[in-house]
Structures are given as C-alpha cells and as structure tokens.
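One structure is given here, and the rest of the page talks about it.
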Amino acid sequence: MPAPRIAPSILSADFGRLRAQVEEIIGAGASVIHIDVMDGHFVPPLSMGPPVVSALRELGAMLDVHLMVERPERQVADFASAGADQITIHAEATPHVHYALAAIRDAGCKAGLALNPGTPVGALEGVELDCAVVMTVNPGWGGQAFIPTSLEKVRRVRELVGPDVDVEVDGGVDARTAGPCAEAGATLFVAGSAIFGQADPAAAYAAIAAAAGAS
Ligand code: DX5
Ligand code: ZN
C-alpha cells in the first residue's frame with residue numbers, strides 16, 4: 001500500500017496569508033496540498049481556480065486538485081497546465097468518467113475519482129485510477145462532521161481497488177477519525193478545518209499525522 005500521507009486542504013486557510021500558511025504546513029512535514037475547486041453548480045459555493053494552483057506550484061508539494069464541478073473533463077487541461085499533480089473528478093459530475101480520467105492521465109497527472117456519500121462503491125468499477133476518494137461528508141463545505149458509515153465504505157473501496165492505489169478520505173478528518181480511517185485502508189487523509197482552522201496548524205498537522213501513521 002502507498003505510504004500514508006496527510007493532505008492539508010487550503011479551503012480552511014486564511015487566504016490573505018495563503019502562501020505563508022502553505023509554507024508553514026510544508027515546513028511541518030506536509031508533502032501534499034489539497035485544493036478544493038467548486039463551481040456553484042455541482043456544489044453551491046464558488047471557491048478557487050487554476051491561478052491558485054499556479055501560485056502554489058513553486059512551493060514543491062504535490063498539488064492534489066479536487067474538482068467539485070460539473071463536466072470536469074472541460075477543466076482538466078487548464079488545471080494540468082497550472083501545475084496540478086493529481087486531479088480528482090466526481091463520479092456524479094459527468095457521464096464521461098472513463099474519458100475524463102483518461103484525459104487527466106494524458107495530461108500527465110495522476111487521476112482520482114471521488115464518490116459522494118450516497119454513491120455506491122461500484123461506480124469505481126471499469127476505470128483506471130491512481131486514487132479513489134471516499135467523501136466522508138457531503139461535498140461543498142469544510143468543518144462538517146465525519147459520516148460514521150464511511151468507514152465501512154472505505155473498507156469496501158480498498159477491497160475493490162486493491163493495494164496499489166491511494167484511498168483518500170475527505171471531510172471531517174481529524175486526530176480522532178484519522179486512525180479508524182487508516183485501519184479501514186485509507187492512505188491519503190484530507191484535513192482542512194482540523195489543520196488550518198486551528199491556532200497552531202503545525203501542531204494540528206503533527207497530531208493527525210501521528211494518528212494516521214504518517215511520517
Ligand atoms: C469539502 C472539501 C474538503 C474540505 C474538507 O467539500 O472537499 O476537502 O476542505 O474540510 P474539513 O477537513 O474541514 O472537513
Ligand atoms: Zn476536497
């Protein structure tokens with residue numbers, strides 16, 4: 001299985017100090033930064049786009065871009081050229097999941113497929129993936145409570161995708177929920193409010209990393 005890693009989500013960062021906050025968390029050991037893109041359609045809020053990805057690319061972390069947008073295949077080229085390392089689309093956001101994942105790989109990025117809490121695990125069948133993302137809250141907002149039934153879903157997803165791909169959990173991940181997620185087979189742990197919403201993000205990162213068995 002891939003080594004466990006924490007992916008701090010900048011959705012909960014202070015945007016006025018974004019670069020400093022990301023530098024601080026990389027200094028604390030983070031090698032992945034999670035960037036949440038929302039279009040006001042697939043999910044109600046609007047968030048950020050390719051310029052934020054390019055602004056962070058020179059900091060050296062792997063940029064994990066989570067597209068919560070309809071018809072994500074139309075956005076792949078722009079995010080890839082902005083510097084995304086991994087691009088995740090939602091199974092619910094396009095009738096062309098296989099095509100969109102292939103487009104991500106053709107653009108030189110790792111390809112992720114995310115499932116909303118109500119989407120069955122079978123949506124992962126028949127596609128080639130680098131990362132299966134189990135949404136452990138409904139997408140759209142940071143700071144929501146982890147949905148407990150997600151743990152069983154993570155187990156089933158790990159069984160389905162085998163040992164070689166990342167299984168990412170996104171939503172409500174903190175020092176309390178990260179351990180059970182790791183036990184269930186997760187290897188990539190997105191945490192927004194539990195890191196950037198805290199007074200000491202570096203200490204919060206360390207606590208989640210320890211709980212997840214990440215270095
Ligand atoms: C939610 C986003 C998450 C969000 C997680 O739609 O996909 O990545 O930043 O936030 P927390 O960790 O606060 O639940
Ligand atoms: Zn996300």
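The values are calculated or read from the model by the stated rules, or taken from the named source; none is laboratory data. Everything numeric here is computed off the predicted structure, so don't read it as measured data. With ligands, DNA and RNA removed, areas are computed over all heavy atoms of the protein, side chains included. Shrake-Rupley method; radii C 1.70, N 1.55, O 1.52, S 1.80 Å.
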Surface accessible to a 1.4 Å probe, LEU46 within the full protein complex, Å²: 140
Going residue by residue through the stretch 25-39, the Karplus relation 6.51 cos²θ - 1.76 cosθ + 1.60 with θ = phi - 60° gives ³J(HN,Hα) values, rounded to whole Hz and with x marking Gly or Pro, of 6, 5, x, 7, x, 5, 10, 10, 10, 9, 10, 8, 10, 10, 10
HIS66 - accessible surface, heavy atoms, 1.4 Å probe, Å² rounded to 10: 0
Got a sec to turn the phi values of the stretch 53-70 into Karplus ³J(HN,Hα) couplings, 6.51 cos²θ - 1.76 cosθ + 1.60 with θ = phi - 60°, whole Hz, x for Gly and Pro? 4, 5, 5, 9, 5, 6, 7, x, 7, 5, 9, 9, 9, 9, 8, 9, 9, 6
Counting only DSSP beta bridges with both partners in the stretch 28-149, the antiparallel fraction in percent, to the nearest 5, comes to 5
Calculate, axis by axis, the spread of Cα positions in the chain along the three principal axes, and write the results as whole Å, longest axis first. 42, 36, 30
Inter-part gap, Cα centre of the stretch 1-61 to Cα centre of the stretch 148-215, in whole angstrom, is 16
Going by amide H atoms built from the backbone, whose H comes under 5 Å of the H on VAL173, apart from near neighbours? GLY192
³J(HN,Hα) computed for each position of the stretch 79-95 - Karplus, 6.51 cos²θ - 1.76 cosθ + 1.60, integer Hz, glycine/proline x: 6, 5, 6, 6, x, 5, 9, 9, 10, 10, 10, 9, 4, 8, 9, 7, x
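Over the chain, with every protein chain in place, what whole percent of the accessible area is carbon and sulfur at 1.4 Å, could you tell me?
Here carbon and sulfur together make up 52 percent of the probe-accessible area.
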With a 1.4 Å probe and all protein chains left in place, how much accessible area per residue does the stretch 107-215 have, in Å²? 40
